[in-house]
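Here is the structure we will look at, set down as structure tokens.
The values are calculated or read from the model by the stated rules, or taken from the named source; none is laboratory data. Note that the structure is a prediction, hence the values are computed from the model and not measured. Using ideal geometry, Cβ is built from the backbone for each residue, glycine included, and neighbour counts are taken over all protein chains shown.
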Amino acid sequence: MRAVVGTQAKVTGTLDVLGHPAGHPALRPRVGYVTQAPSVYTDLTVRQNLDYFAAVLRPGRRHRDARGEAVTRAIDDVDLASHTDALAGTLSGGQRSRVSLAVALLGTPELLVLDEPTVGLDPVLRRDLWHLFHTLAAERGTTILVSSHVMDEAERCHRLLLMREGEILADDTPAALRARTGSDTVEAAFLHLVDEASATATRQEATR
């Protein structure tokens, strides 16, 4: 995930994102990134946090009106309009996570990278965030790359890349993975593929 957004050091090989090398300055307004831990200043209010990051994203007086519109839109997107003047440090963990998401949405990104965005959140907030993710994809055309260890969340994705110990086990749609493994759920399909890969490795080791 960090390699995609250009924050991972010592990456070998090449990685292009939206036609540019990962981390290229031209990608800053086009790629949003939400880390697993909320990335906000706890001594600033929700709006102050967003005003600051908007100014970093679009510096200069000529962008002042656009920054204000972007901040208001992002606050509405994550349903924090009633908490705009609250210090981030006084918010719940779930609310701080939403502030981080709002920061990532300031540039109306074409690609939104989310590192386990719903970990530790209550079921209602998880549902609401996934509704927002699907809305962003359907209405704004945003491509969303999500990492998660929760397999019921994987069911909500259009395409899955299943990995185990750095190895790619599958790259397909949830329905295709279930059909391929004869499983009822993505979690069962994933476990099937893990067992299959382990058995293959054992056979290969035995023939050496």
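Tabulated data
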item: Residues of the range 145-163 that turn out to be more than 15 Å from residue 174 (Cβ to Cβ) and in contact (Cβ under 8 Å) with a residue 12 or more places away in the chain, as a count; result: 3
item: Complete set of residues in the range 83-114 that are among the hydroxyl-bearing types (Ser, Thr, Tyr) and assigned to a loop (DSSP other than H, G, I, E, B); result: 84, 92, 108
item: Among the residues listed as 43, 76, the single one being at pLDDT 90 or above, surrounded by fewer than 14 Cβ atoms within 10 Å (Cβ to Cβ) and not in a helix (DSSP H, G or I); result: 43
item: Residue 154 vs. criteria small (Gly, Ala, Ser), within 27 Å of residue 5 (Cα to Cα), surrounded by 17 or more Cβ atoms within 10 Å (Cβ to Cβ) and at pLDDT below 95; result: yes
item: Scope the range 141-155; condition in contact with a helix residue (DSSP H, G or I) (Cβ under 6 Å, 6 or more places away or on another chain), assigned to a loop (DSSP other than H, G, I, E, B) and in the same structural domain as residue 120 (by TED's automatic domain parsing); matching residues; result: 142
item: Any hit, the range 164-183, residues being β-branched (Val, Ile, Thr), in the same structural domain as residue 29 (by TED's automatic domain parsing) and either surrounded by 15 or more Cβ atoms within 10 Å (Cβ to Cβ) or under 23 Å from residue 6 (Cα atoms) (or both); result: no
item: Check on residue 55, at negative phi, assigned to a helix (DSSP H, G or I), hydrophobic (A, V, I, L, M, F, W, C) and crowded, with 20+ Cβ neighbours inside 10 Å; result: no
item: Sole residue being farther than 20 Å from residue 147 by Cβ and surrounded by fewer than 14 Cβ atoms within 10 Å (Cβ to Cβ), chosen from 120, 19; result: 19
item: Residue count for the range 24-74, restricted to those that are more than 30 Å from residue 14 (Cβ to Cβ) and small (Gly, Ala, Ser); result: 7
item: Residues within the range 1-21 that are in a loop (DSSP other than H, G, I, E, B), farther than 25 Å from residue 67 by Cα and not β-branched (Val, Ile, Thr), tallied; result: 7
item: Out of 7, 14, 35, sole residue that is hydroxyl-bearing (Ser, Thr, Tyr), in the same structural domain as residue 96 (by TED's automatic domain parsing), within 30 Å of residue 82 (Cβ to Cβ) and touching a strand residue (DSSP E or B) at 6+ places or on another chain (Cβ under 9 Å); result: 35
item: Boolean, residue 138 is more than 30 Å from residue 109 (Cβ to Cβ), among the small types (Gly, Ala, Ser) and either at pLDDT 90 or above or in a helix (DSSP H, G or I) (or both); result: no
item: Residue 69 being surrounded by fewer than 17 Cβ atoms within 10 Å (Cβ to Cβ), assigned by TED's automatic domain parsing to the domain that holds residue 22 and closer than 22 Å to residue 25 by Cα; result: no
item: Subset of the range 159-208 that is of a type in the set (Lys, Arg) and more than 16 Å from residue 148 (Cβ to Cβ) - its residue that is modelled with the lowest pLDDT; result: 208
item: Residue list for the range 6-53, restricted to those being basic (Lys, Arg) and touching a Pro at 6+ places or on another chain (Cβ under 7 Å); result: 30
